[in-house]
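The values are calculated or read from the model by the stated rules, or taken from the named source; none is laboratory data. For clarity, every value in this text was computed on a predicted model and none was experimentally measured. Methodologically, a virtual Cβ is constructed for each residue, glycine included, from the backbone with ideal geometry; neighbour enumeration extends over all protein chains shown.
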Amino acid sequence: MRELFADQVADDLAKARDGDDAAFARLVEPLRRQLHAHCYRMLGSTHDADDALQDALLRAWKGLTGFDGRSSLRSWLYVVATRTCLDSVERRGRRALPVDLGPASDRVRADQVPRADVAWLGPYPDAGLGHGPAAPDASYEQREAVELAFVAACQHLPGNQRAALLLFEVLGFSAAEIADMMGTSPTSVNSALARARKTMADKAPERTQQQTLRAVDDARIREVVERFTGAMERGDADAFVALVTEDVTWSMPPLPHWYSGRDAVTDFATQVPMGSCGSWRHRVVSANGQPAVACYLWDDDAGAHTAWSIEVLTLRGDRIAEITAFIGPEHFTPFGLPAAVT
């Protein structure tokens, strides 16, 4: 069976080099999902990941005759995708969350104006992404490496360190392979890895969400999410308070202000999401390997509840420790969600 598969790959590679785009599509398809996730980890945006992957595959298609077979096709495609992402990082810089801009607000700011001058981190639809590591030598599981805290921490790394860390820790490439990919030496790669790990130790939490979720019963997780959506739809502050930790945070990119602590977050929730905004409907989804909720707000003109935000929940035990609400209907399409619900 393995020999038959290898023969099929060799046959498709030969056809693709002769201009057969269907053969190229067959070669790429098994790797497309992981390549897209790699682009998201590098760039912090699903939309940027879409563009980068499309650009990378076009570069690969045009440059396929330059693939000499010394490395695997998987390695070569990751070279092309990583270099494409590095070009984007150099042009656009890093993406941020509101917590990166300054301290929590000491009062509710219902009149906030979105910051268009900030490149914001975005949510990631994790459907179809594997639960285990992408390679035997990888240190992170695939879903651990798209968690909000991990991707946000990666954004604090320079492009070369970010690439080295993701290629080594998430995708399982060796320092020697990465050096060949990036046109540098293994010593330089190891140095970049050491610096990247130090930053990640400072920025990323010790415990991943995957570890937390595995320690909590699935039924309990579903209950927490359902109680959260119910509390928001009913405007039930007491039910909301019962679900969150004492030091819970709530942020809403592209709005710059964020809130920290149960009292401040509850005050905000009762004045804005549960209060003056109007009627809500919710759909439970999964984003960044974490429980999430798609929020729809009633629109009189549309006569329906229209797409408002994707809210990613970070748990500590069976309590909500962080709510990150990514505001904007543009976030709904990658999740396959409708623009409106009744």
Next item on the list: With respect to residue 84, determine if the residue is in contact with a Lys or Arg (Cβ under 7 Å, 6 or more places away or on another chain), among the β-branched types (Val, Ile, Thr) and either part of a loop (DSSP other than H, G, I, E, B) or surrounded by 22 or more Cβ atoms within 10 Å (Cβ to Cβ) (or both).
Entry: yes
Check: Here is a list of conditions, (1) in a strand (DSSP E or B); (2) hydrophobic (A, V, I, L, M, F, W, C); (3) out of contact with any helix residue (DSSP H, G or I) (no Cβ under 7 Å at 6 or more places or on another chain); (4) under 26 Å from residue 103 (Cβ atoms), and residue 297 meets all of them except one; can you say which number that is?
Finding: (4)
Check: Does residue 152 fit the bill of being in a helix (DSSP H, G or I), surrounded by 18 or more Cβ atoms within 10 Å (Cβ to Cβ) and either without any contact (Cβ under 8 Å) to a residue 40 or more places away in the chain or not polar (S, T, N, Q) (or both)?
Finding: yes
Notebook entry, point to check: Among 220, 214, which is the only one that is in a helix (DSSP H, G or I) and within 30 Å of residue 171 (Cα to Cα)?
Noted result: 214
Checklist line | Checklist (1) touching a residue at least 60 places away in the same chain (Cβ under 8 Å); (2) of a type in the set (A, V, I, L, M, F, W, C); (3) surrounded by fewer than 22 Cβ atoms within 10 Å (Cβ to Cβ) applied to residue 138, failing item | finding: (1)
Margin query: If the requirement is being crowded, with 20+ Cβ neighbours inside 10 Å and part of a helix (DSSP H, G or I), which of these qualifies: 162, 197?
Written below: 162
Margin query: It is to be established whether one or more residues within the range 92-100 are surrounded by 14 or more Cβ atoms within 10 Å (Cβ to Cβ), touching a helix residue (DSSP H, G or I) at 6+ places or on another chain (Cβ under 7 Å) and part of a helix (DSSP H, G or I).
Written below: no
Note to self: Just to verify a result, which residue in the range 59-113, among those that are assigned by TED's automatic domain parsing to the domain that holds residue 46 and of a type in the set (Val, Ile, Thr), is modelled with the lowest pLDDT?
What the structure shows: 65
